[in-house]
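Colleague: Sending over a structure as structure tokens; questions will come in a sec.
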Amino acid sequence: MTYSKSFLRADFTASLVVFLVAVPLCVGVAVASGVPAELGLVTGIVGGLITGFLPGSSLQVSGPAAGLTVLVYEAVQTYGLSALGVLVLAAGLLQLLMGVLRLGRWFRAISVAVVQGMLAGIGLVLIAGQLYSLADAKAPSSGPEKILGLGRLVLDTVGDSKGLTAFAVGAGTVAVLLLWPKWRAGARVLPAPLAAVLLATTATVALDLPIARVEVQGLLEAVQPPGLGDFGGLASIGMLSTVLAFTLIASAESLFSAAAVDQLHDGARTDYDKELIAQGAGNTVCGALGALPMTAVIVRSSANVSAGAKTKVSRILHGVWLLVFTVALPGALGMIPLAALAGILVHAGWKLIPLRELGPMWREHRAEAVVLAVTALAIVLTNMFEGVLLGLLMAVVKTAWETSHIHVETEDPGEDLPLRVMVLGNATFLRLPKLQDQLEALPTDRRVELRLEKLRHMDHACGLALSTWEEQHNKTAKRIAAERDAAEPATAEHTAAERDEEGTSSVIG
């Protein structure tokens, strides 16, 4: 494909749209993650200049994502900001390795219900945490504490003028996010997130509102590459599990986003392994700079496609604009109210919850809906890693249960021959109770011949249960037959005696 001036014009325009969408989201995700705002912009820059340049999905855009906010916040609180670079760097190297080993396609085997449940759980925790930021209050550390503390938050906010002012700014931001796209003329000029932040910032500065604003450190001060001593923490199980969680969630979200973006355009399809390598390279660089982890982000990617992007040039240019903004206008960040960023993230968290899909999923695939709900609830009640692991485990058990169909057929060759019992399907321990119920319903006075050649699969538990049942059943049938044979002569003698008595009685009568 020849790159033309028309392509450059389209990519240039699209890059500006994506840049305007990315600025408030990069800053908001960083603040919600408990790290300097500049680090979110650094990740966005790397997503444009490094990941954007590499092959994979040509039109999807990478940067800091709301989907990793909760996990990053927990990691920073547990291990410190200096360890973040180590975690992200290790996750990036793992992604690179998986891409080289061509494991990207296997992420398509992850249950969609688990991914949706993961995003829903993240969305719920994100909303619960950002509701505190809407009122300039400090959020509790755990998911359950955040939810249980909402009642107290309402009471405290009602009696605090500063909290009410911050809440008004945050609620106004959410209102703009919802209403701005309906004004088509305005939406063509400014994306809703940027319009919401600009309006909130203007009101805060013009009215000199006494609410918290973004703390600015400066780009050089915010970027803190990990030192050699920080890598020692990777020997702990906790940090290794966090690295695996970063890797799994970032990879899954990126590749699922790529699949969604492929449906939005008619261009080349995504090479999943190359996309995984691109994401790994980006996260490796982000880790080396001590920045946030990155994923492909569907909001920015869809904005890129909708704006008419033709090639990867648009996402590279969006990284250039982020770099220019960060270097030339660092003071602009300090005017942004935290409540406005909280409003953007509440809106983003709400969009992570697949409300539209829940109804049809419950009606048509109830087990999938259960996996989604349990995954989301587990993330809220425990943490990201354990919640996702539980969701994956449930998905595997559900699949095993659904595929282990088994039934029993019988064939009667005659009373003097054993009853032929044929077991068909997949015999696994999950279906063992049902299998035993069907076998125990067979006549106990007939010997059986167990036929297993039509089984597609049989695990050890079922094999042992079947052989034990056949042996016990035939012993029982043999005993019943022996008892019946022993009873038959006595029954015959008793019947003859009755006939004699009847004959004598007849004569006497």
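Colleague: Among the residues of the range 96-107, is there at least one that is surrounded by fewer than 21 Cβ atoms within 10 Å (Cβ to Cβ), in contact (Cβ under 8 Å) with a residue 12 or more places away in the chain, of a type outside the set (Lys, Arg) and assigned to a loop (DSSP other than H, G, I, E, B)?
Modeller: yes
Colleague: Let me ask another. Among (1) open to solvent by 20 Å² or more (accessible area, probe 1.4 Å); (2) within 25 Å of residue 73 (Cβ to Cβ), where does residue 266 come up short?
Modeller: In the conditions (1) open to solvent by 20 Å² or more (accessible area, probe 1.4 Å); (2) within 25 Å of residue 73 (Cβ to Cβ), residue 266 misses (2) alone.
Colleague: Now for a different question. When only residues in the range 217-257 that are closer than 30 Å to residue 269 by Cβ and not aliphatic (A, V, I, L, M) count, which is nearest to the chain's Cα centre (by Cα)?
Modeller: Looking at the filtered set, the residue picked out is 253.
Colleague: Now, a different point. For the range 320-406, please list each of the helices (runs of 4 or more DSSP H) lying entirely inside it that holds at least 3 residues being within 20 Å of residue 178 (Cβ to Cβ).
Modeller: 338-352
Colleague: Separate question: Take the range 4-26 and flag every residue that is among the hydroxyl-bearing types (Ser, Thr, Tyr) and part of a helix (DSSP H, G or I).
Modeller: 6, 13, 15
Colleague: Within the range 22-45, how many residues turn out to be open to solvent by less than 10 Å² (accessible area, probe 1.4 Å) and in contact with a Phe, Trp or Tyr (Cβ under 8 Å, 6 or more places away or on another chain)?
Modeller: Qualifying residue count, the range 22-45: 2.
Colleague: Hey, could you check the range 185-230 for residues that are under 22 Å from residue 168 (Cβ atoms) and of a type in the set (D, E, K, R) and say which is modelled with the lowest pLDDT?
Modeller: Ranking the candidates gives 215 first.
Colleague: Okay, next question. Contact list please: Cβ distance under 8 Å, first residue in the range 167-186 and without any contact (Cβ under 8 Å) to a residue 40 or more places away in the chain and closer than 11 Å to residue 199 by Cα, second residue part of a helix (DSSP H, G or I) and open to solvent by less than 50 Å² (accessible area, probe 1.4 Å), pairs at least six apart or on different chains.
Modeller: Sorted first by the residue in the range 167-186, then by its partner, the pairs are 176/192; 176/195; 176/196; 176/200.
Colleague: If residue 228 satisfies every condition in (1) open to solvent by 30 Å² or more (accessible area, probe 1.4 Å); (2) over 20 Å from residue 24 (Cα atoms); (3) in contact with a strand residue (DSSP E or B) (Cβ under 8 Å, 6 or more places away or on another chain) but one, which is the exception?
Modeller: Among (1) open to solvent by 30 Å² or more (accessible area, probe 1.4 Å); (2) over 20 Å from residue 24 (Cα atoms); (3) in contact with a strand residue (DSSP E or B) (Cβ under 8 Å, 6 or more places away or on another chain), residue 228 violates only (3).
Colleague: Determine the pairs where a residue that is of a type in the set (Lys, Arg), located within the range 329-353, has a partner that is assigned to a helix (DSSP H, G or I) and open to solvent by less than 40 Å² (accessible area, probe 1.4 Å) with Cβ atoms under 9 Å apart, the partner being 6 or more residues away or on another chain.
Modeller: These pairs meet every condition: 351/66; 351/123.
Here is a yes/no grid of residues against (1) over 27 Å from residue 123 (Cβ atoms); (2) surrounded by fewer than 17 Cβ atoms within 10 Å (Cβ to Cβ):
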{"position": "297", "(1), (2)": "no, no"}
{"position": "313", "(1), (2)": "yes, no"}
{"position": "324", "(1), (2)": "yes, yes"}
{"position": "330", "(1), (2)": "yes, no"}
{"position": "342", "(1), (2)": "no, no"}
{"position": "371", "(1), (2)": "no, no"}
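Colleague: Additional query: Only one of these is more than 26 Å from residue 136 (Cβ to Cβ) and either in contact with an Asp or Glu (Cβ under 7 Å, 6 or more places away or on another chain) or among the acidic types (Asp, Glu) (or both): 378, 369. Name it.
Modeller: Step by step, each of 378, 369 is checked, and only 378 is more than 26 Å from residue 136 (Cβ to Cβ) and either in contact with an Asp or Glu (Cβ under 7 Å, 6 or more places away or on another chain) or among the acidic types (Asp, Glu) (or both).
Colleague: Considering only residues that are open to solvent by 60 Å² or more (accessible area, probe 1.4 Å) and touching a helix residue (DSSP H, G or I) at 6+ places or on another chain (Cβ under 8 Å), look in the range 445-457 and name the one that is nearest to residue 413 (Cα to Cα).
Modeller: Among residues in the range 445-457 that are open to solvent by 60 Å² or more (accessible area, probe 1.4 Å) and touching a helix residue (DSSP H, G or I) at 6+ places or on another chain (Cβ under 8 Å), the one nearest to residue 413 (Cα to Cα) is 447.
Colleague: Assess whether residue 151 counts as being loosely packed, with under 14 Cβ neighbours inside 10 Å and either touching a residue at least 12 places away in the same chain (Cβ under 8 Å) or more than 23 Å from the chain's Cα centre (by Cα) (or both).
Modeller: yes
Colleague: Restricted to the range 414-444, and to residues that are in a helix (DSSP H, G or I) and over 20 Å from residue 454 (Cβ atoms), which residue is most open to solvent (accessible area, probe 1.4 Å)?
Modeller: Result: 440.
Colleague: Looking at this structure, is residue 288 open to solvent by 20 Å² or more (accessible area, probe 1.4 Å), under 29 Å from the mean Cα position of the chain (by Cα) and of a type outside the set (Val, Ile, Thr)?
Modeller: yes
Colleague: Could you please tell me which pairs satisfy a Cβ distance under 6 Å, a separation of 6+ or placement on different chains, a first residue in the range 272-299 that is more than 15 Å from residue 246 (Cα to Cα), and a second residue that is of a type in the set (S, T, N, Q)?
Modeller: Taking only residues 6 or more apart or on different chains, the pairs are 275/57; 278/51; 298/257.
Colleague: Return a yes/no flag: does the range 470-478 have any residue that is among the small types (Gly, Ala, Ser), open to solvent by less than 80 Å² (accessible area, probe 1.4 Å) and either at pLDDT 85 or above or assigned to a loop (DSSP other than H, G, I, E, B) (or both).
Modeller: Yes: the range 470-478 contains one or more residues that are among the small types (Gly, Ala, Ser), open to solvent by less than 80 Å² (accessible area, probe 1.4 Å) and either at pLDDT 85 or above or assigned to a loop (DSSP other than H, G, I, E, B) (or both).
The values are calculated or read from the model by the stated rules, or taken from the named source; none is laboratory data. All of these numbers come straight from a predicted model, not from anything done at the bench. So basically every Cβ, Gly included, is an ideal-geometry build from the backbone, and we count neighbours across all protein chains shown. Please note that ligands, DNA and RNA were not included when accessible areas were found on the heavy atoms of the full protein model with its side chains. Shrake-Rupley method; radii C 1.70, N 1.55, O 1.52, S 1.80 Å.
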